[in-house]
1. For I65, which sequence-distant residues (separation of 5 or more, or a different chain) have an amide H within less than 5 Å of its own amide H, given hydrogens modelled in the peptide plane?
2. Evaluated at 10 °C with a viscosity of 1.306 mPa s, what Stokes-Einstein diffusion coefficient in µm²/s does the stretch 52-204 have when Rh comes from the Kirkwood expression over alpha-carbon pairs?
3. Describe numerically, in nm with one decimal, the distance between label points set 7 Å from Cα along Cα→Cβ at L279 and at N187.
4. Looking at the calculated P(r) for the stretch 203-275, what percent of the C-alpha pair distances fall above 15 Å?
5. Considering only Cα-Cα distances, which of the following residue pairs are longer than 32 Å: K32/K97; K31/K63; K31/K207; K34/K69?
6. May I ask you to derive the relative contact order of the chain, considering only C-alpha pairs under 8 Å and at least 6 residues apart, and to give it as an integer percent?
7. Quick one: work out Rg over Rh on the C-alpha atoms of the stretch 138-251, Rh as Kirkwood radius.
8. So what are the ³J(HN,Hα) numbers for the stretch 63-68, from phi and the Karplus equation (6.51, -1.76, 1.60; θ = phi - 60°), rounded to whole Hz, Gly and Pro as x?
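Just so you know, all these numbers are worked out from the coordinates, no wet-lab data involved. All values derive from a computational prediction rather than experimental measurement. Using ideal geometry, Cβ is built from the backbone for each residue, glycine included, and neighbour counts are taken over all protein chains shown.
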Amino acid sequence: MSEKKTDNSMTLEKPPNLRVQSWKNFFSKLKKNKAALAGGILIILFIIVAIVGPFFTPYDPNKQIITEKLNGPSLDHWFGTDHLGRDIFSRVIHGMKLTLYIGFFSVILGATVGVLLGILAGYYGKRTDAIIMRSMDVLLAFPGILLALAIVSVLGASLNNVIIAVAIFSVPVFARIVRGSTMAVKNLEYIDAVKVLGASDARIIFKHVLPNVTSPLIVQASLNIATAILAASGLSFLGLGAQPPTPEWGAMLSDGRNYLFNAPHVAFFPGIAIVVVVLAFNILGDGLRDALDPKMKL
């Protein structure tokens, strides 16, 4: 008997860690997408600059030197100076922190609420689904930037209110994505088996349903950050976001529109910063979609 036990134990193999293998496959596919890899590297660089850059800028971003106003790019002022003589390079670097802060936190807030509503609608269905999704339909009926504009107009002009406004118009997108994924996952056989074993709804939702809907969430979040940055910059451009003298890119772009012909650098550098950051997040989002889409395994 002892020999049989020994032989059986020798044939047992440790099951592979499917989660680790899945992540390895994901990174392998992501590395093959050169554009997505470049976008990811740029975003990491932006985050590093946003954190440490303000400590190394050559000038105070709000310091005014009227005698040097509207100077073009030079060795002293790499991006030139604005209409108040402030160093544009220093203001762009400080503005990166604000831009990423708005983008990340508005999406985190919108995704948190949207995921919760989407899971509840998809899992419970019926009346809960009808109430939640009809509310999302009402929000989707308004163009995102107009909805954000209306919300900020009611709440008042400030960065925090911009984050709230952008988060609110992000909620329906996440709710719809998570609802569809939840409805597909909850009908799988292993979910029925877990229910038979007596698992509570909360345990099923957070341990079995939520981990299976993260892939589309990651893709949508990366794309929504780009949308959030554009919306926040647009609101600041209209004077409803960051208030002077805050070095926010949309507000800087608004200041530079009056000098497009005699000092185009005032608007060019904050404008190109917005373009590059938004492009990096969009490229990364496309790469994440390709890497996480099960239909593109071949």
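1. Those lying under 5 Å, H to H, from I65 are G85, R86.
2. Result for D is 83 µm²/s.
3. Between L279 and N187, the label points sit 4.3 nm apart.
4. 64
5. Where the Cα-Cα span goes over 32 Å, the pairs concerned are K31/K63; K34/K69.
6. 24
7. My calculation of the ratio gives 1.16.
8. 6, 9, 10, 4, 5, 10
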